[in-house]
Amino acid sequence: MKIVICGAGLVGAGIASHLAEEQNDVTVIDASEEKIQRLTDQVDVRGVVGTASYPDILSEAGARDAELLIAVTESDEVNMVACQVAHTIFNTPVKIARIRHQPYLDPIYGDLYSPDQLPIDHIISPEAEVSAAVSNQLRVPGAFDVKDMCDGRMNLVGVQCTEESPVIDTPIRHLTNLFPDLSMTILAIIRDGKLSLPRDGAEMMKPGDRVYFVCDSTHLSRAMAAFAHEEPEARSVVIAGGGAIGQMLATEIESNFQNTKVQIIERDAARARFLAENLRDTGIFNGDALDSNILAEAGVNITETFVSVTDDDEVNILSALLAKRNGAAHAVALVNIPGFIPLVAALGVDAVISPSQITVSSILEHVRRGRIRDVHAVIEDLGEVIEAEALPSSQLVGKSLREAKVPKGVAIGGILRDDRVIPARGDTVIEAGDTVAIFAARGRIPQVEKLLSVRLDFF
């Protein structure tokens, strides 16, 4: 596939790296020569220096022949104009734009993005995606990663094993005997920064392991108990940072979390006043989230969850650590820089939210071939969990998973069939129309796409 990416920031570079690995023809545009040079030195992509919305620059990047344009510059306006130019002049079939300014996304302006207005096929809103991710963390505080799948009928969960976890030092194949009525499948184990996918069931989980599993959403509390994580849904939340994400999260809590007390710490006095005027049930504190006195005033010592979502990674990490030290039961930090993510858990922060990783996942959802419905990148970008429909022509359909010869680096998790979640076992047979959760290690997407493609005996 020929793809033009506008913007070589964290998101643009991340999506370029993923797509280049999968042998796509990728060209990246950015106004910064330094960013383009750095990216082209590291990734097999072509670079063009210039403003991404200019027709001549898009032409130089190959927009005339491109099948897809992804606009993720720092400017919403440049992203929107780039999509318009790609549509009007180059007739680019599919256009994806990141739009961050919330007034552009107000439902009353929904007609703005119709084909005869601003022709954007898919809009990505990082703030909304991050707010949703943090909301999931509040519902399942014992997990470091939570994702709803199959319209909420299935959950993808990442948990850390402790000494108290009943499942440690037990072969994975024996978990079915230990928990016979639990619809859960272990997808991946991360140990010392290395990823392994269970294949023969002999693997055992150890204390400190980070484990991804898929389960029936109605079995979530039992699945968490199997890992000795029975923390209740958060009833008191302190948010550090009252920007767009902090405000959106507070609004979400006010609307959907009954009996949950929420406080915001915001450094800018004018912004704090704005929040106080626009949030009806949220306490607002004007101060520095790195100030222990402000944290104490906001009640961090008795809060269940502290969430730091300022625009500074260092502040987010340090304030989360400070909150934990001052008594917060659970701390979540927003981290943009990928290199920081492996360090944060080791420092004692319970969960990390990566806006760039979330945005990349949202874009990949629209890029993958086949009936891909959702994509979720796992921690440290070690792999992806894909939600896909099994078509009659798929190589997975009509045979047991044991016979399907699932390639190395790929694992089948839960299966949704007629509103029923079926855990993946060796004798499980996938049927046409099933929705399947598939884990793919980094670089294994072509194998997944092959699994979902037409099998030779179909015709």
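Determine whether ASN256 is in contact (Cβ under 8 Å) with a residue 12 or more places away in the chain, out of contact with any Lys or Arg (no Cβ under 8 Å at 6 or more places or on another chain) and closer than 22 Å to ARG100 by Cα.
No.
Looking at (1) in contact (Cβ under 8 Å) with a residue 24 or more places away in the chain; (2) under 25 Å from LEU343 (Cα atoms), which is the only condition GLU203 fails?
(2)
Looking at GLY241, GLY208, which is the one that is over 20 Å from the mean Cα position of the chain (by Cα) and surrounded by fewer than 20 Cβ atoms within 10 Å (Cβ to Cβ)?
Details: GLY241 fails: surrounded by fewer than 20 Cβ atoms within 10 Å (Cβ to Cβ).
Just a single option satisfies the conditions, and that option is GLY208.
Hey, can you tell me all the residues within the stretch 328-371 that are without any contact (Cβ under 8 Å) to a residue 60 or more places away in the chain and touching a helix residue (DSSP H, G or I) at 6+ places or on another chain (Cβ under 7 Å)?
ALA331, ALA333, VAL335, PHE340, ILE341, VAL344, LEU347, GLY348, VAL349, SER354
Go through the stretch 42-56 and report how many residues are buried (at least 19 other Cβ atoms within 10 Å of the Cβ) and either under 22 Å from ILE120 (Cα atoms) or in the same structural domain as GLY443 (by TED's automatic domain parsing) (or both).
2
Go through the stretch 23-32 and count every residue that is part of a loop (DSSP other than H, G, I, E, B) and either over 12 Å from ILE3 (Cα atoms) or free of Cβ contacts under 8 Å to residues at least 12 places away in the same chain (or both). It would help to see each step written out before you state the result.
Taking the stretch 23-32 first, the residues part of a loop (DSSP other than H, G, I, E, B) are 23-24, 31-32.
This time we only want the ones that are either over 12 Å from ILE3 (Cα atoms) or free of Cβ contacts under 8 Å to residues at least 12 places away in the same chain (or both), so: 31-32.
Result for the stretch 23-32: 2.
When the stretch 398-424 is examined, which residues are found to be buried (at least 16 other Cβ atoms within 10 Å of the Cβ) and more than 19 Å from SER196 (Cβ to Cβ)? Quick ask: steps written out before the conclusion?
The initial filter retains those residues of the stretch 398-424 that are buried (at least 16 other Cβ atoms within 10 Å of the Cβ), namely 398, 401, 404, 406, 409-416, 421-424.
GLY398, ALA404, GLY414, ILE415, LEU416, VAL421, ILE422, PRO423 - these are the residues of the stretch 398-424 that are buried (at least 16 other Cβ atoms within 10 Å of the Cβ) and more than 19 Å from SER196 (Cβ to Cβ).
Looking at LEU68, LEU39, which is the one that is over 28 Å from VAL335 (Cα atoms), within 24 Å of the chain's Cα centre (by Cα) and either at pLDDT below 95 or outside the structural domain of ASP313 (by TED's automatic domain parsing) (or both)? It would help to see each step written out before you state the result.
Working: LEU39 fails: over 28 Å from VAL335 (Cα atoms).
None of the other options fit; the residue is LEU68.
Would you mind stating whether ALA345 is touching a Lys or Arg at 6+ places or on another chain (Cβ under 9 Å) and surrounded by fewer than 24 Cβ atoms within 10 Å (Cβ to Cβ)? Show your work before the answer.
On the way: touching a Lys or Arg at 6+ places or on another chain (Cβ under 9 Å): yes; surrounded by fewer than 24 Cβ atoms within 10 Å (Cβ to Cβ): yes.
The answer is yes for ALA345.
Residue-by-condition table, conditions (1) surrounded by 22 or more Cβ atoms within 10 Å (Cβ to Cβ); (2) touching a Leu at 6+ places or on another chain (Cβ under 6 Å); (3) in a helix (DSSP H, G or I):
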| site | (1), (2), (3) |
| --- | --- |
| LEU322 | no, no, yes |
| PHE340 | no, no, yes |
| VAL352 | yes, no, no |
| GLN357 | yes, no, yes |
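Identify all residues within the stretch 224-283 that are closer than 26 Å to ARG210 by Cα, in contact with a Pro (Cβ under 9 Å, 6 or more places away or on another chain) and not in a loop (DSSP other than H, G, I, E, B); write none if there are none.
Matches in the stretch 224-283: ALA225, ALA226.
Working only within the stretch 173-188, note down all residues that are more than 19 Å from ARG420 (Cα to Cα) and over 26 Å from the mean Cα position of the chain (by Cα).
Result: ARG173, HIS174, LEU175, ASN177, LEU178.
Has the stretch 298-312 got any residue that is surrounded by fewer than 24 Cβ atoms within 10 Å (Cβ to Cβ), modelled with pLDDT of 90 or more, out of contact with any strand residue (DSSP E or B) (no Cβ under 9 Å at 6 or more places or on another chain) and assigned to a helix (DSSP H, G or I)?
Among the residues of the stretch 298-312, at least one is surrounded by fewer than 24 Cβ atoms within 10 Å (Cβ to Cβ), modelled with pLDDT of 90 or more, out of contact with any strand residue (DSSP E or B) (no Cβ under 9 Å at 6 or more places or on another chain) and assigned to a helix (DSSP H, G or I), which makes the answer yes.
Being in a strand (DSSP E or B), out of contact with any helix residue (DSSP H, G or I) (no Cβ under 6 Å at 6 or more places or on another chain) and closer than 19 Å to VAL421 by Cβ is the filter here; which residues of the stretch 189-223 pass it? Don't jump to the end; show me each part of the working.
Step one: list which residues in the stretch 189-223 are in a strand (DSSP E or B), which gives 189-191, 194-196, 204-205, 210-216.
Going one step further and asking which of them are out of contact with any helix residue (DSSP H, G or I) (no Cβ under 6 Å at 6 or more places or on another chain), we end up with 189-191, 194-196, 204-205, 210-214, 216.
Once the filter is applied, which keeps residues that are in a strand (DSSP E or B), out of contact with any helix residue (DSSP H, G or I) (no Cβ under 6 Å at 6 or more places or on another chain) and closer than 19 Å to VAL421 by Cβ, the stretch 189-223 yields VAL211, TYR212, PHE213, VAL214, ASP216.
Among the residues of the stretch 90-103, is there at least one that is touching a residue at least 12 places away in the same chain (Cβ under 8 Å) and part of a helix (DSSP H, G or I)?
Yes, the stretch 90-103 contains a residue that is touching a residue at least 12 places away in the same chain (Cβ under 8 Å) and part of a helix (DSSP H, G or I).
The values are calculated or read from the model by the stated rules, or taken from the named source; none is laboratory data. Worth saying up front: this structure is predicted, and the values here are computed from it rather than measured. Methodologically, a virtual Cβ is constructed for each residue, glycine included, from the backbone with ideal geometry; neighbour enumeration extends over all protein chains shown.
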